[in-house]
There are 2 protein chains.
Amino acid sequence: MKDLQMYIPTYEDMLAAHERIKPHIRRPPVRVSHYLNELTGADLYFKCENFQEPGAFKVRGATNAVFGLSDEQAAKGVATHSSGNHASCLSYAAMLRGIPCNVVMPKTAPQAKKDTVRRYGGVITECEPSTTSREETFARVEAETGGDFVHPYNDPRVIAGQGTCSKEFFEQTDGMDMVVAPIGGGGMISGTCLTLATLAPECQVIAAEPEQADDAYRSFKAGHIIADDAPKTIADGLLVPLKERTWYFVSNHVSEIYTASEQEIIDAMKLTWKHLRIVMEPSSAVPLACILKNAQAFKGKRVGIIITGGNVDLDRLPWTL
Amino acid sequence: MKDLQMYIPTYEDMLAAHERIKPHIRRPPVRVSHYLNELTGADLYFKCENFQEPGAFKVRGATNAVFGLSDEQAAKGVATHSSGNHASCLSYAAMLRGIPCNVVMPKTAPQAKKDTVRRYGGVITECEPSTTSREETFARVEAETGGDFVHPYNDPRVIAGQGTCSKEFFEQTDGMDMVVAPIGGGGMISGTCLTLATLAPECQVIAAEPEQADDAYRSFKAGHIIADDAPKTIADGLLVPLKERTWYFVSNHVSEIYTASEQEIIDAMKLTWKHLRIVMEPSSAVPLACILKNAQAFKGKRVGIIITGGNVDLDRLPWTL
């Protein structure tokens with residue numbers, strides 16, 4: 001391997017990740033709803049990653065990175081930049097191992113997100129809400145602490161960790177024709193591709209994206225990465241662009257990318273809360289929104305949907321605003 | 001048995017009920033939250049009956065009654081009066097068997113509740129919102145249809161059905177020191193007592209009740225049934241009084257009844273939505289509210305909590321009103 005920077009994780013990496021993280025994560029249940037099946041004409045299976053203790057699938061990649069560190073590196077801890085679930089999941093994983101976690105966050109990040117990171121012992125360094133400030137601040141924190149950089153998605157350990165979700169999902173069901181997950185940076189979709197390419201190559205991997213942050217969709221159609229400047233969507237977990245490792249999986253393994261409007265996402269979110277009776281983020285509603293919009297592509301199929309996270313501000317639900 | 005009207009269901013009835021209803025109900029998962037364990041100092045296990053297809057544990061008693069009918073009686077169907085989960089669960093059970101279900105509901109019942117009953121094929125006859133009108137109307141419907149009356153809780157088939165929940169709960173955990181469930185008419189509490197008196201006699205059964213509808217608490221202290229006239233609480237599943245069969249179990253087997261204020265119920269509800277990431281009714285939050293209020297009684301114990309239902313108006317969440 002000449003270019004270690006572009007190491008692509010393998011199926012064996014995913015299997016090793018699963019053994020490594022099993023003691024530290026949950027194995028969330030798969031839920032079904034007769035009502036939603038009737039509504040869509042498909043057999044839908046929902047893997048509830050919102051039920052992980054820190055509320056998101058990202059605990060898989062985070063624990064894989066943290067528990068894979070040498071003792072020497074672990075003493076210096078980990079570092080990342082994120083204002084979302086990766087920040088809290090990495091802090092949570094570091095807390096489980098008892099090592100430092102430094103997080104660079106824009107000072108404009110919601111107080112609730114900062115509180116969660118701190119509750120798990122993460123140390124926050126604030127930056128201005130710009131890419132320049134974030135990169136400068138992160139470089140300084142990384143140099144000062146020696147923390148190992150765990151990128152939110154463009155990291156082979158993280159992708160291998162996220163891939164463990166689909167392994168469990170197949171163990172918990174009698175197989176599926178397709179698995180649909182939301183796409184932002186592409187960490188979960190890449191992990192899903194990684195696992196299913198070997199475990200169930202006949203199973204399609206489909207990505208679901210907000211219309212208002214459809215850079216992955218446009219990249220997929222164009223054949224190269226297109227990054228949006230400042231997308232805006234209620235699905236705030238899906239704002240970030242693809243990077244080279246996730247683009248590798250998206251361009252090689254994803255069958256289709258569908259998009260949904262803001263209102264379609266909100267409607268699908270409320271429908272899921274009502275009929276599955278789970279609390280999930282707007283980002284997690286994008287797959288069902290896309291399925292309802294493209295019903296003919298899913299009719300009669302066994303369709304897995306990954307509910308990616310459940311961290312949402314209960315005081316500001318989109319349908320009450 | 002001289003007085004058939006006062007037949008008290010047995011452990012064997014519960015076992016038979018479980019065999020009968022297993023093909024028609026779900027076996028909801030048990031959820032835990034490290035955060036809520038830290039907060040309470042107890043090991044909490046939440047049995048998610050809100051994940052039943054019609055969203056409530058009452059599908060257990062309802063399917064036991066419906067699938068236990070002779071073919072002759074089944075042809076005439078079932079009948080009940082209820083404006084809550086029993087109405088929709090009985091309609092759902094009748095739909096599964098393909099038999100008629102007649103429901104008497106006050107005309108003032110929320111439209112959403114009526115819609116759910118009708119979605120499951122239940123036929124609604126409206127009455128005035130008074131006991132007299134309800135009894136008159138129900139007597140007429142019962143006489144006209146010949147439907148078998150399935151009382152929401154004071155029915156041995158219903159109590160035996162609700163008892164199957166604790167059997168599963170014990171199978172899914174390594175035992176518990178106490179099980180806490182909300183109390184309204186007492187169907188779930190009675191089923192819990194019925195099952196645990198034989199399966200785990202050392203396990204305490206504790207009832208949780210809203211302060212503003214504390215008739216079971218006052219009955220328990222007085223030693224006889226006290227029925228409130230018109231209690232008002234956000235926990236609208238818990239408005240009805242004990243009846244002779246549920247009083248039998250409450251007076252003989254319940255260890256303690258705790259109460260919680262409206263605000264304590266709302267706070268516990270929001271806390272559960274946030275950390276367990278499940279959608280549940282205010283009634284289902286009363287146990288956690290009581291545990292938080294009486295922490296010393298639960299500290300260090302393994303405590304089971306039955307999340308009784310998840311049918312809630314998402315447009316009118318109590319903390320946004």
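The values are calculated or read from the model by the stated rules, or taken from the named source; none is laboratory data. Not measured: the values here are computed from a predicted model. Every residue, glycine as well, gets a Cβ built from its backbone with ideal geometry; the counts of neighbours run over all protein chains shown.
Structure notes:
- Just one of the listed residues (A:208, A:216, A:160) is surrounded by 19 or more Cβ atoms within 10 Å (Cβ to Cβ), closer than 21 Å to residue A:50 by Cβ and modelled with pLDDT of 95 or more, and it is A:208.
- Residue match in the range B:310-319 (condition: away from chain A (no Cβ under 14 Å) and at pLDDT 95 or above): no
- Which numbered condition residue A:53 misses (of (1) part of a loop (DSSP other than H, G, I, E, B); (2) touching a strand residue (DSSP E or B) at 6+ places or on another chain (Cβ under 9 Å)): (2)
- Boolean, residue B:80 is of a type in the set (Ser, Thr, Tyr) and either within 19 Å of the chain's Cα centre (by Cα) or buried (at least 24 other Cβ atoms within 10 Å of the Cβ) (or both): yes
- As a summary of the residue check, residue A:114 satisfies the conditions (1) in contact (Cβ under 8 Å) with a residue 12 or more places away in the chain; (2) away from chain B (no Cβ under 14 Å); (3) among the charged types (D, E, K, R); (4) within 26 Å of residue B:276 (Cα to Cα) except for the one numbered (1).
- Residue check: residue B:29 meets all listed conditions (1) buried (at least 20 other Cβ atoms within 10 Å of the Cβ); (2) in contact with a Phe, Trp or Tyr (Cβ under 8 Å, 6 or more places away or on another chain) but one, namely (1).
- Residue pairs whose Cβ atoms lie under 8 Å apart, separated by 6 or more positions or on different chains, with the first residue in the range B:27-41 and closer than 13 Å to residue A:27 by Cα and more than 9 Å from chain A (Cβ to nearest Cβ) and the second hydroxyl-bearing (Ser, Thr, Tyr) and not in a loop (DSSP other than H, G, I, E, B), are B:30/B:45.
- Listed here are the helices (runs of 4 or more DSSP H) enclosed by the range B:241-303 that have at least 2 residues being closer than 18 Å to residue B:223 by Cβ: B:244-253.
- Residue within the range A:154-166 that is assigned to a strand (DSSP E or B) and in contact with a Pro (Cβ under 9 Å, 6 or more places away or on another chain) present: no
- The residues listed here are B:202, B:244, B:262; of these, the one that is assigned by TED's automatic domain parsing to the domain that holds residue B:312 and buried (at least 17 other Cβ atoms within 10 Å of the Cβ) is B:262.
- Single residue of the range A:269-309 satisfying the filter (facing chain B (nearest Cβ under 8 Å) and of a type outside the set (A, V, I, L, M)) that is nearest to residue B:49 (Cα to Cα): A:277
- Residue check, residue B:66 touching a helix residue (DSSP H, G or I) at 6+ places or on another chain (Cβ under 7 Å), within 14 Å of chain A (Cβ to nearest Cβ), in contact (Cβ under 8 Å) with a residue 24 or more places away in the chain and assigned to a helix (DSSP H, G or I): no
- Residue satisfying all of: in the range A:268-287; surrounded by fewer than 21 Cβ atoms within 10 Å (Cβ to Cβ) and either touching a strand residue (DSSP E or B) at 6+ places or on another chain (Cβ under 9 Å) or of a type in the set (Lys, Arg) (or both); nearest to residue A:181 (Cα to Cα) among these: A:270
- Hits in the range B:189-232 (condition: free of Cβ contacts under 8 Å to residues at least 40 places away in the same chain and among the polar types (S, T, N, Q)): B:219
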